1. Quick check on A177: is it closer than 21 Å to L54 by Cβ, modelled with pLDDT of 95 or more, out of contact with any Ser or Thr (no Cβ under 6 Å at 6 or more places or on another chain) and surrounded by fewer than 22 Cβ atoms within 10 Å (Cβ to Cβ)?
2. What is the residue count in the range 1-29 for residues that are part of a strand (DSSP E or B) and open to solvent by 10 Å² or more (accessible area, probe 1.4 Å)?
3. Out of the range 65-103, which residues are under 13 Å from C146 (Cα atoms), in a helix (DSSP H, G or I) and either of a type outside the set (D, E, K, R) or out of contact with any Asp or Glu (no Cβ under 6 Å at 6 or more places or on another chain) (or both)?
4. For the range 150-165, give me each residue that is touching a helix residue (DSSP H, G or I) at 6+ places or on another chain (Cβ under 7 Å) and surrounded by 18 or more Cβ atoms within 10 Å (Cβ to Cβ).
5. Select from the range 37-60 the residues that are without any contact (Cβ under 8 Å) to a residue 60 or more places away in the chain and out of contact with any helix residue (DSSP H, G or I) (no Cβ under 7 Å at 6 or more places or on another chain) and write down the one among them that is most open to solvent (accessible area, probe 1.4 Å).
6. Read through the list (1) within 30 Å of D186 (Cβ to Cβ); (2) out of contact with any strand residue (DSSP E or B) (no Cβ under 6 Å at 6 or more places or on another chain); (3) part of a loop (DSSP other than H, G, I, E, B); (4) not small (G, A, S), then give the number of the only condition that H49 fails.
7. Strands (runs of 3 or more DSSP E) wholly in the range 122-211 with at least 2 residues that are without any contact (Cβ under 8 Å) to a residue 40 or more places away in the chain - which ones?
8. Across the range 99-145, which residue is surrounded by the fewest Cβ atoms within 10 Å (Cβ to Cβ) among those that are hydrophobic (A, V, I, L, M, F, W, C) and under 13 Å from M155 (Cβ atoms)?
Amino acid sequence: MTTTTVVHLLRHGEVYNPEKVLYGRLPDYHLSDRGQRMAEMATDWFEGHDIAALFSSPLDRTQETAEPLQKAFGLPVTLDDRMIEAANKFEGMSLSKKSARDPQVLKRLYNPFKPSWGEPYQQIVDRMVEVIKVARRAAWGREAVCVSHQLPIWMARRAAEGKRLWHRPDLRECNLASVTSLTFADQRLASVSYAEPAAVLYGDGPSLPGA
């Protein structure tokens, strides 16, 4: 008999960030009112799923996204640093199109393949793979939800699909409160799927890559 286990990677909801700061790992960035609604819509999307384990990055926005799930399924939330946002040398900055001409920005853009401005892509994959294995064991034969951030989830997906890790940040398919689901047959990855439970709330505003 093959045992099917699903690990869902849930991106957090919208963050209150009126100054458009690339907040990265900075503390005290919380969900906006719309972000809280996104978290609730994601929770509704999981209704009827056999959720057995719940994990979260330790940052405020991911814990707040996990709260409705915790209440709905009566599960403790395990915080795991391996799901934290990627390190980024632009953290705390407000970037715009003009930033591309800033010498302090340009000097960090010399290698888009690693990338030179932040945590190496392979390092992100390695830590995400570790926590996915932990979540799979914790929910063996059932389902787990891991609340994380855009870039870590996108790196996990690209690695799972056997794609190169370097990419255009503006083409990531990992929107706010989206769910990337990894389905395993025993320990073998059988499929990858993607859903956007809160798509009706996206609007037209830009979102910062990796936020």
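The values are calculated or read from the model by the stated rules, or taken from the named source; none is laboratory data. Model, not experiment: these values are computed from the prediction. A quick note on method: Cβ atoms are made from the backbone with ideal geometry, for glycine too, and the neighbour counts reach across all protein chains shown. For accessibility, only protein heavy atoms count, side chains too; no ligands or nucleic acids. Shrake-Rupley method; radii C 1.70, N 1.55, O 1.52, S 1.80 Å.
1. Judged against the criteria, A177 is not a match.
2. Counting residues in the range 1-29 that are part of a strand (DSSP E or B) and open to solvent by 10 Å² or more (accessible area, probe 1.4 Å) gives 3.
3. Residues satisfying the conditions are T65, A66, E67, L69, Q70, D81, M83.
4. Those that are touching a helix residue (DSSP H, G or I) at 6+ places or on another chain (Cβ under 7 Å) and surrounded by 18 or more Cβ atoms within 10 Å (Cβ to Cβ): L151, P152, M155, A156, A159.
5. At the first step, the residues of the range 37-60 found to be without any contact (Cβ under 8 Å) to a residue 60 or more places away in the chain are 40, 43, 47-48, 58, 60.
If we keep only those that are out of contact with any helix residue (DSSP H, G or I) (no Cβ under 7 Å at 6 or more places or on another chain) too, we end up with 47-48, 60.
Values: E47: 143, G48: 81, D60: 48 Å².
Among those residues, the one meeting the criterion is E47.
6. So the condition that H49 fails would be (2).
7. Output list reads 188-195.
8. The residue in question is V129.
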